[in-house]
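This report refers to the structure that appears directly beneath it.
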Amino acid sequence: MTTISAARYDDAAAIAAISVAVLIPAYQPGPELVEVVRCLTEPGFIAIVVIDDGSGPEYAEIFEQIRQFERVRVIRHAVNLGKGAALKTGMNYALVEYPRLAGIVTADADGQHEPADVWRVARRFAESPEALVLGARTFSGYVPLRSRVGNWITRGVMRLVVGHRLSDTQTGLRAIPCGLMERMLSVPASGYEFELEMLIAAKHLGVEVIEEPIQTIYGEGNPTSHFEPLRDSMRIYFVLLRFGFISMLTASLDNLAFYIFFRATGVVAGSLFGARLLAVAFNYSAVRKAVFLSKEQHRIVLPRYLLLAAANVCLSYALIAFLTGVVSFRVIPAKISVETFLFIANFAIQRDFVFARRADRAKIK
């Protein structure tokens, strides 16, 4: 681990000017955590908050050493509750104890973050205190295969589903503004998926996301990591699958209603309109609250949503008429083909136009 040199006092002054604390969730940490905390006690951060996430009595000595440093606070969970729960405990403590706080910098306890990188991310945050700053690893040198592949898959899915083009979606080194922290306290996730929920919330709250390059550090076999590849990856990807699930459920409802109406009336336009009314009534509330996490007022979001729904009905009808009249498709296959084609476009428009918060209202109150 590197020590903070005197040259970093310019960074310290910038960080101190906006009040930033460090938050480290720790579960059964190694002795390297003591050195990390020592380096971060240099002037600049108003506090270092360490969460003992139920590590047990055999790790008490490590936490006792940490507790001796100036401006360090150790909070203990009686049992292991998960990384997300530890982060929320620390966020709540920081928000309550430091009213002038601008944000926190989270760092992992397993030695994967150089103190110099923690300071670098904090300095970048001091320049953009309303943004979420991610310490983006370069993934050069030795990287466990599970970490390299896991980040590659999550990065691709995040780009497709959420619209984030990020190089490192799973980094634990990030600077978080207070407004986003307040919103994250009500997120039910308690494990590693909490950090992915944060990226999703930032997207739909209009919070700028900035990446600051940092070193990639892994011990051979990554022995200090408590990430369980199968269990924790499934939790992370379930967060992403939620986005597609409600849209697919809506499409199923729309197609079923269309089939029933069309069999009863034989009228394409009327069946399409009636089915879409039912789908819209279900979909608007579901995607606003459970998928896109929108906090915008109905008067702002609903007109955009209805405009998209109306345009979608017109385009869908035109394409169905084309397929049935020119290409000789039957009505039901034509409807399913058209809706499949429009699915990704509709999702992207809802994601980036209908439910995304506008940049001029991006500050979180």
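The values are calculated or read from the model by the stated rules, or taken from the named source; none is laboratory data. In this text the structure is predicted, and so the values were computed from the model without any measurement. Don't worry about glycine lacking a Cβ; one is built from the backbone with ideal geometry, like all the others, and counts go over all protein chains shown. Ligands, DNA and RNA are excluded from the accessible area calculation, which covers all protein heavy atoms including side chains. Shrake-Rupley method; radii C 1.70, N 1.55, O 1.52, S 1.80 Å.
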Using protein chains only and a probe of 1.4 angstrom, how many square angstrom of Thr265 are accessible, to the nearest 10? 90
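Ranked from the most accessible area to the least, with a 1.4 Å probe and all protein chains present, what is the order of Arg67, Arg76, Arg120? Mind showing how you got there, number by number?
Details: Arg67 115, Arg76 160, Arg120 85 Å².
My answer, sorted largest first, is Arg76, Arg67, Arg120.
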Among residues other than Arg73 whose Cβ falls under 10 Å from its Cβ, what is the net charge (Lys/Arg +1, Asp/Glu -1)? +1
Taking the highest mean first, how do the peptides 194-206, 47-59 order by number of other beta carbon atoms within 10 angstrom per residue? 194-206, 47-59
In Å², nearest 10: area of Ile336 left accessible to a 1.4 Å probe: 80
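Taking a 1.4 Å probe, which of Phe355, Phe347 shows the most accessible area, and what order do the others take after it?
Details: Phe355 0, Phe347 25 Å².
The residues order as Phe347, Phe355, largest area first.
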Given a Förster distance of 45 Å, report the FRET efficiency between Thr324 and His298 from their Cβ-Cβ distance, rounded to the nearest 0.05. 0.80
Hz values of 3J(HN,Hα) by residue in segment 27-40 - Karplus curve (6.51, -1.76, 1.60), Gly and Pro given as x: 10, 6, x, x, x, 5, 5, 4, 5, 4, 5, 4, 5, 7
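Can you give the net charge of the other residues whose Cβ lies under 15 Å from the Cβ of Leu253, counting K and R as +1 and D and E as -1?
Working: positive: Arg276, Lys335; negative: Asp254, Glu339.
Neighbourhood net charge equals 0.
How do Cys314, Cys39 stack up against each other in accessible area, from largest to smallest, with a 1.4 angstrom probe? Mind showing how you got there, number by number?
Values: Cys314 90, Cys39 0 Å².
Largest accessible area first, the list is Cys314, Cys39.
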Roll a 1.4 Å probe over the protein heavy atoms and report the accessible area of Leu81 in Å², nearest 10. 90
For segment 16-136, size of Cβ-based charge dipole, Lys and Arg +1, Asp and Glu -1, in debye: 440
Would you mind computing the Rg to Rh ratio of segment 55-129 from its alpha-carbon coordinates, Kirkwood style for Rh? 0.97
